[in-house]
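Okay, so here's the structure we're looking at.
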Amino acid sequence: MAGFAYFPHTEEDIRQMLQRIGVGSLDDLYSDVPDGVKYKGEYDLPSALSEQEVRDWFASLDAKDVPLKVFVGAGAYDHYTPSVIPYLTSRSEFLTAYTPYQCEISQGTLRYIFEYQSMICTLTGLDVSNASMYDGPTAAAEAMKMAVASAKKKNRVLLSKALLPNVLHVVETYAKYAGIDLGYLSAESGQTSLADLQEALAAGDVAGAIVPSVNRYGIVEDLTGFADALHEQKAVLVQYCDPSALAVVKSPAEWGADIAVGDGQSLGIPLNFGGPYVGFMACKTEYLRKLPGRIVGQTEDRDGKRAFVLTLQAREQHIRREKATSNICSNESLMALWATVYLSLMGPKGMQQVNDLSYAGAHYLYDALLATGKFQKVFDTPFLKEFVLKPLVDPAILQAKLLEKGFFAALQTEEGYVSFCVTEKRTKAEIDALVEAVKEV
């Protein structure tokens, strides 16, 4: 064991374990592996480096990344992250905490999950929130399964084509292996079609529909009539939301939604090459028993002091997986903590300001790009921080020019439009520079 100084087991420990399982040596554990496939050479590992050499090596890797100014959204938004958040979330009691099962030693973890749930309920207007979703698209897929589990002998869920492409693809994958039938609602003039919904409901087999709050074109959807049409057929309305935008747009509860899902990334979580993010899910009380994941509740200890416990978690997720409503058991609680700290710092006024600045910047850019004569208007509907235009130049050439000037922008959609997004981080000078780059195309 001399070559494995950091292994905790002593020679005697290993001898006893081998004796218990009836094996003579560690090599005997691999006796069924053909000798020809066992690697017997020396590993080609670099020589040991000093701390400074390691720092320099990582710095050289970092230098290969060219920082760009982000003018793209598509479900992941470059919002400002208050500097205090990484300091708080990197405290050891948060960073290394895992399970909240043992409430007597997990009050800190249970407390912030409770606060996270409370904040998600405030944003959505719904009664209950869980704290165990991987990301937005998988939360949408879980909501699809909830809709079917809540319906009686209905196995069809309708998806708006105005949902983000990655959301559609993940839900379709889940549906395929769960045996759930899918239908689609077209996007007329950039918004989900109520007429399509009413026609699909006439078949009587629809368990629910998933529609966006702010859709993939950046448009704030008008969902008038959707909840009534679905509820008349005892089907559920699932709304996919950008939680940052919920500070200023109509909430899922106000639209009559039964379930709300989305990605918490816009709550100050950095883009970070695609993750980790956190999905959220909230619902009306009547769907509580179908909600996957954990719910933390408030109680009192024997001394009458406020305390927190795991109030609900379906045991089937652990011991009878074939009977489970959901098999998601991992808890993205570190990212939930991140979102909780963000929301507590921003407050209602801060969230309002984030959206005001994003709205102003996006509309300023929208008008300036149209004024270049290189784009045409696509939709004449309200948008918040993201929008699409029809390019009158080759999108590939446009993207190359913007990249050359240090901008990540003009993401192409499947229809051939290009998408732009402006958050509160983008300054007027940056927007003007982007427009000047476009003029050079």
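So for segment 124-132 (the condition being in contact (Cβ under 8 Å) with a residue 12 or more places away in the chain, small (G, A, S), touching a strand residue (DSSP E or B) at 6+ places or on another chain (Cβ under 6 Å) and farther than 20 Å from L288 by Cα), does at least one residue qualify? No, segment 124-132 has no match at all.
Counted as qualifying within segment 326-441 are no strands (runs of 3 or more DSSP E), as none has 3 or more residues that are among the basic types (K, R) and either under 28 Å from Y134 (Cβ atoms) or under 27 Å from the mean Cα position of the chain (by Cα) (or both). Among the residues of segment 398-441, those identified as among the charged types (D, E, K, R) and either closer than 21 Å to S244 by Cα or at pLDDT 95 or above (or both) are K401, E404, K405, E424, K425, R426, K428, E430, D432, E436, K439, E440. Restricting segment 358-374 to residues that are of a type outside the set (K, R) and under 15 Å from V388 (Cβ atoms), the residue that is surrounded by the fewest Cβ atoms within 10 Å (Cβ to Cβ) is D367. Please work out if A257 is over 16 Å from the mean Cα position of the chain (by Cα) and not charged (D, E, K, R). Against the criterion (over 16 Å from the mean Cα position of the chain (by Cα) and not charged (D, E, K, R)), A257 qualifies. Looking across segment 187-203, the residues that are without any contact (Cβ under 8 Å) to a residue 60 or more places away in the chain and over 13 Å from L159 (Cα atoms) come down to E188, A195, Q198, E199, A202, A203. Exactly one residue among G225, G190 is within 16 Å of T381 (Cβ to Cβ) and surrounded by fewer than 23 Cβ atoms within 10 Å (Cβ to Cβ), and that residue is G190.
Meeting the requirement of 1 or more residues that are touching a helix residue (DSSP H, G or I) at 6+ places or on another chain (Cβ under 7 Å) and closer than 30 Å to P165 by Cβ, the helices (runs of 4 or more DSSP H) wholly within segment 1-107 are 84-89. Of P212, P252, all but one fail to be buried (at least 22 other Cβ atoms within 10 Å of the Cβ) and either among the hydrophobic types (A, V, I, L, M, F, W, C) or in contact with an Asp or Glu (Cβ under 7 Å, 6 or more places away or on another chain) (or both); the exception is P212.
The values are calculated or read from the model by the stated rules, or taken from the named source; none is laboratory data. Computed from a predicted structure; not experimentally measured. Please note: Cβ atoms are built from the backbone with ideal geometry, for glycine as well, and neighbour counts cover all protein chains shown.
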